[in-house]
Amino acid sequence: MTSANDLRLAIRGLRRSPLFTTVAILSLALGIGANTAIFTLIDQILLRKLPVKHPEQLVMLYQRGAHNGSNMGSRMHSYPIYQDLQQKATPLSEVMCRRTASASVSIDNRTERLDAELVSGNYFTMLGVVPAAGRVFSSREDDQVYMGHPGVVLSYDYWQSRFAGDKGVVGKKILVNNYPMTIVGVSAAGFTGVDPATSPAIRVPILMKDAMLPEWTWVHVPDRRTRWVQVFARLRPGYTVQSAGPALQALFMQIRRYEMTLPAAKEWSKYSRDEFMKGQLLVEKADIGYSSLRNDFSIALVVLMCMVGLVLLIACANVANLLIARGFMRQREIAVRLSLGASRGRLVRQLLVESLVLSLVGGAVGVLVAIGLTRTLLALIPAETAPLMLHATPDVRIMGFTFALTLVTGIVFGLVPALRASRPDPWTTLKDTMGSIAGSGGSLVLRKSLVAAQVALSFLLLFGAGLFVRSLQNLKGADTGVALDNLVTFQLSPAYSGYSDERATLFNQQLVDRLRASGGVKSAAYTAVSILSGDEWDSSTSVEGHKAADGEDMQAFMNAVSPGYFQTMKIPLLEGREFTRMDEKPLDDEHPWRVCIVNKKFADHFFPGKSPIGRHVGQGTGPDVKLNIEIVGVVADALYEGPRDGVHRQVFVPNHGNGGVTYYVRAQMASASIYNVIRSEVRNLDSAMPVYAMKSLETQLDETLLSDRLVALLSAGFGLLATVLASVGLYGVMAFVVARRRKELGIRLALGAQRTDVIWLVMREVLVLLALGLAVGVPAALGAGRFVSDQLYGIQPYDPTIAIATLLLLTVVSALAGLIPAHRASRIDPILALRYE
């Protein structure tokens, strides 16, 4: 009953002060909402366990060190290594493998581009996933015969969106990459796989590799030197990640000793063999799965979580200041209640209830803020084939976090003001009316200390935001070596539509000719690897006249490009010639290229001061590598993966075959109509060919820099929000100071003080608070800058320009916040002030 009375009194009191209530709730809503939004992403990407059977038993296995072969992705193994682990690893009860891919799926004469996953037959059974319809894969039925299991399991979400949950689709024939397959079942609702951020629409047995990855003709399943599958496993009872490590490393060394006896190892030098035997097999907990999105955004999310935590502290300090001021205004009421016998504990409890009501309402509004902010963030993340499995709507976990944060916040900002307000001297307070306004000097010191802390935290946030914004500007302004204006890119995969090498080459030649002849198009070309997207194709390279030293980096970043590529990208040709249609014809199956073009960095490294034209290179290293590719041109340097990776040594070869291609079309002017021209020309050649990833190259660069953009955008927003909150707190304190010194200021004016003197008297206190805050904030910001130095580009973490700009901004904002009460102080009527006293 007492609690209910406290609640009624708290609500009634807050309704009497609508301005105070509104400011307090908005401050808390913004702080709690920002924290909830960032935690929503952190929980789903970094913390949440997979919805599978006993996720705590799952581990991921990956290699570190030289592997002396090709590598097709992150944390990959060869298929034979996966089989060795499956059959011989004592600490592991079960082992499965998987590979993500894209696929062109034709259902009822409608073709669409989907995200797919190749999985071993025991994938579903190991994870404990049951079918929602039909069946899922099993080792006995789907892991026996190479290219002998053309079955498809649909994801639950894709089954619902594409087939409206019709169980009749089980047994339906479809085309996957123009290969006939049968839908055998649907996976359970809620199962998204081992990647918490995305979920493939279809899953296909890994032994259907040739159908699912038709352009990867060089990847052979029995080949131990080609790493292309990720491996997950379950630990046997009694094993931990730490205890399983030595046994698995011993098995890995046994496997590598065996591989040293195979024919492929005969060409390795002693140095290569020694480095090969230094390799490690690492074991990592996989209860939260593995996600490339997590790798891209984990650091950014942690940085943002620290920033929004500081914003919440500023909001709490702001509300605490408001409550202290409100407590001073209520000292007469509190003194009366104490005089009538109310205990101090009873008063503290009621004041805490009031602060908790504010916090709970602020938290409720904050949830709405969080939903809007999270949706905005998710909208910025591209998901072209696989929909993001991240949700903006908070679930029970997120609501629990928000509720706990709300309670802690209410107690943090409410306890000290409640204790301070509940201990006035009833006799002094009731005798002196001014006591209800002035309060004790200690309370004012506390309020000023809170404001100084807000200034310090604001400087920290604004300085960090300035670093991130400048870093993003440097990244976007980096010289790419490519003219980005009016350049549109899109992708096609002829192999996924059943094209042979010869037919795909002809298709690409016809399409690029039609695009070049289209109205509004200046030039067009295509490549095997899209640039500025983070993709890369590197290969060890032998160079005529250069003897590689042990351990020397002989990697060259490769790309296969069409004639007219350098003209389309506006990359200057420095020496020699570009490719022609004659260059696109392969010499034979074993030697697909006769000529190449290198960039300036490659030429300067291997042929300093000399012309590389007419010299030869070869793929691979070792004494038996044939140097049969002639250098016919040198082009200027251009970025490959992105600004952070810088310029690499590059080798360009002619593009031919049925592999996936990225087109670049340079338009006469910026116009969305060029997209329709592109789709029309592709449709005229093949109406069933999916066109995907169509965007401007400027958009592509923005997507590559997405993590930097999010940090810069949000840190700037949070920094400005913190500054606004701090300025509100400063204004409140100075308004209180003016009210407290009303009699003194009236006397000064009555004795002839100038209004400017009164204004300076108030502003001097503002500057003192600002200086105190900066004295803490500046060193803290400079020290914190070192912890985010790895996230910066082209700027030092102690950049003086940003520090000075931040200082000036805070000074101006603080001055404006203090000028309003200072101006009011200068206009006090001395007679009224003295009469009031």
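The values are calculated or read from the model by the stated rules, or taken from the named source; none is laboratory data. Only a predicted model underlies this, so the values are computations on that prediction, with no experimental measurement involved. As a convention, Cβ positions derive from the backbone with ideal geometry for all residues, glycine included, and neighbour counts pool all protein chains shown. All accessible areas refer to the heavy atoms of the entire protein, side chains included, with ligands and DNA or RNA removed. Shrake-Rupley method; radii C 1.70, N 1.55, O 1.52, S 1.80 Å.
Give segment 716-740 a look and list any residue that's farther than 18 Å from A817 by Cα and either modelled with pLDDT under 80 or open to solvent by 20 Å² or more (accessible area, probe 1.4 Å) (or both), or say none.
Answer for segment 716-740, where residues must be farther than 18 Å from A817 by Cα and either modelled with pLDDT under 80 or open to solvent by 20 Å² or more (accessible area, probe 1.4 Å) (or both): A716, G717.
Does L492 satisfy being within 29 Å of the chain's Cα centre (by Cα) and open to solvent by less than 20 Å² (accessible area, probe 1.4 Å)?
Details: within 29 Å of the chain's Cα centre (by Cα): yes; open to solvent by less than 20 Å² (accessible area, probe 1.4 Å): yes.
In short, yes.
Would you mention how many residues in segment 163-200 are touching a Lys or Arg at 6+ places or on another chain (Cβ under 8 Å), under 27 Å from D296 (Cα atoms) and among the hydrophobic types (A, V, I, L, M, F, W, C)?
Selection size over segment 163-200: 2.
How many residues does segment 65-78 hold that are open to solvent by 20 Å² or more (accessible area, probe 1.4 Å) and either modelled with pLDDT of 95 or more or within 23 Å of the chain's Cα centre (by Cα) (or both)?
4
Quick check, is D210 of a type in the set (D, E) and either part of a loop (DSSP other than H, G, I, E, B) or within 32 Å of the chain's Cα centre (by Cα) (or both)? Spell out how you get there, then give the answer.
Numbers: of a type in the set (D, E): yes; either part of a loop (DSSP other than H, G, I, E, B) or within 32 Å of the chain's Cα centre (by Cα) (or both): no.
No.
Return only the number of the condition from (1) modelled with pLDDT of 90 or more; (2) under 27 Å from T226 (Cβ atoms); (3) open to solvent by 20 Å² or more (accessible area, probe 1.4 Å) that A556 does not satisfy.
(3)
Among helices (runs of 4 or more DSSP H) lying entirely in segment 404-518, which contain 1 or more residues that are at pLDDT 70 or above, of a type in the set (G, A, S) and in contact with an Asp or Glu (Cβ under 8 Å, 6 or more places away or on another chain)? Talk me through it step by step, then tell me what you get.
On the way: elements: 426-431, 435-438, 441-476, 501-517.
The qualifying helices (runs of 4 or more DSSP H) are 441-476.
Which of the numbered conditions does A247 fail, given that it passes all the others? Conditions: (1) in a helix (DSSP H, G or I); (2) closer than 23 Å to Y79 by Cα; (3) touching a Pro at 6+ places or on another chain (Cβ under 8 Å); (4) modelled with pLDDT under 85.
(4)
Does S78 count as in contact with a Phe, Trp or Tyr (Cβ under 9 Å, 6 or more places away or on another chain) and under 21 Å from I288 (Cβ atoms)? First the steps, then the outcome.
Working: in contact with a Phe, Trp or Tyr (Cβ under 9 Å, 6 or more places away or on another chain): yes; under 21 Å from I288 (Cβ atoms): no.
Considered against the rule, which asks whether it is in contact with a Phe, Trp or Tyr (Cβ under 9 Å, 6 or more places away or on another chain) and under 21 Å from I288 (Cβ atoms), S78 comes out as no.
Would it be correct to say that R666 is among the basic types (K, R), open to solvent by less than 10 Å² (accessible area, probe 1.4 Å), within 30 Å of Y793 (Cα to Cα) and touching a helix residue (DSSP H, G or I) at 6+ places or on another chain (Cβ under 7 Å)?
yes
Out of the residues in segment 689-715 that are among the polar types (S, T, N, Q) and within 14 Å of L377 (Cα to Cα), which is most open to solvent (accessible area, probe 1.4 Å)?
Residue satisfying both the conditions and the ranking: S707.
Scan segment 247-273 for residues that are open to solvent by 70 Å² or more (accessible area, probe 1.4 Å) and either touching a Cys at 6+ places or on another chain (Cβ under 6 Å) or of a type outside the set (S, T, Y) (or both) and jot them down.
Residues satisfying the conditions are Q254, R257, P263, K266, E267, K270, R273.
Yes/no matrix, rows are residues, columns are (1) open to solvent by less than 80 Å² (accessible area, probe 1.4 Å); (2) more than 29 Å from L446 (Cβ to Cβ); (3) at pLDDT 80 or above:
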| residue | (1), (2), (3) |
| --- | --- |
| I759 | yes, no, no |
| V762 | yes, no, no |
| L770 | yes, no, yes |
| G783 | yes, no, yes |
| R786 | no, yes, yes |
| T806 | yes, no, yes |
| P830 | yes, yes, no |
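Name the residue that is farthest from F579 (Cα to Cα), counting only residues in segment 610-623 that are at pLDDT 90 or above, assigned to a loop (DSSP other than H, G, I, E, B) and of a type outside the set (S, T, N, Q).
Taking the candidates together, the pick is K610.
Could you grab the pairs with beta carbons closer than 7 Å, sequence gap of 6+ or different chains, first residue in segment 542-555 and at negative phi, second one modelled with pLDDT under 85 and not hydroxyl-bearing (S, T, Y)?
Within 7 Å, the pairs are S542/G620; S542/V625; M554/A548.
Considering only residues that are outside any helix (DSSP H, G or I) and either small (G, A, S) or open to solvent by 60 Å² or more (accessible area, probe 1.4 Å) (or both), which ones fall in segment 274-306?
K278, G279, Q280, E284, K285, A286, G289, S291, listed by residue number.
Please note which helices (runs of 4 or more DSSP H) are completely contained in segment 656-772 and include at least 3 residues that are in contact (Cβ under 8 Å) with a residue 24 or more places away in the chain and closer than 30 Å to K585 by Cβ.
Fully inside segment 656-772 and qualifying: 673-685.
Check every one of the strands (runs of 3 or more DSSP E) wholly within segment 532-597 and list those with 2 or more residues that are of a type in the set (A, V, I, L, M, F, W, C). Before you say what the answer is, go through the steps one by one.
Details: elements: 538-543, 555-561, 573-576.
By residue number, 555-561, 573-576.
Go over the candidates V653, V661, V677 one by one and state the one that is surrounded by fewer than 20 Cβ atoms within 10 Å (Cβ to Cβ) and among the β-branched types (V, I, T).
Numbers: V653 fails: surrounded by fewer than 20 Cβ atoms within 10 Å (Cβ to Cβ); V661 fails: surrounded by fewer than 20 Cβ atoms within 10 Å (Cβ to Cβ).
Unique residue meeting the criteria: V677.
Suppose we keep only residues that are without any contact (Cβ under 8 Å) to a residue 40 or more places away in the chain and not polar (S, T, N, Q) within segment 608-623. Which one would you say is least open to solvent (accessible area, probe 1.4 Å)? Even if it seems obvious, please write down each step before you answer.
Taking segment 608-623 and keeping what is without any contact (Cβ under 8 Å) to a residue 40 or more places away in the chain, we get 608-614.
Then keep just the ones that are not polar (S, T, N, Q); that gives 608-610, 612-614.
Working: P608: 85, G609: 89, K610: 141, P612: 2, I613: 64, G614: 30 Å².
Taking the candidates together, the pick is P612.
I'm told K626 meets every condition in (1) open to solvent by less than 60 Å² (accessible area, probe 1.4 Å); (2) assigned to a loop (DSSP other than H, G, I, E, B) except one. Can you identify the failing condition by its number?
Of everything listed in (1) open to solvent by less than 60 Å² (accessible area, probe 1.4 Å); (2) assigned to a loop (DSSP other than H, G, I, E, B), K626 misses just condition (1).
Where the second residue is open to solvent by 60 Å² or more (accessible area, probe 1.4 Å) and of a type in the set (D, E) and the first is touching a residue at least 60 places away in the same chain (Cβ under 8 Å) and closer than 16 Å to S70 by Cα and lies in segment 253-275, which pairs have Cβ atoms under 7 Å and are six or more apart or on separate chains?
Partner pairs satisfying both residue conditions: E267/D624.
Restricting the search to segment 458-489, which residues are among the aliphatic types (A, V, I, L, M), within 30 Å of A781 (Cα to Cα) and open to solvent by less than 10 Å² (accessible area, probe 1.4 Å)?
Result: L461, A465, L467, L475.
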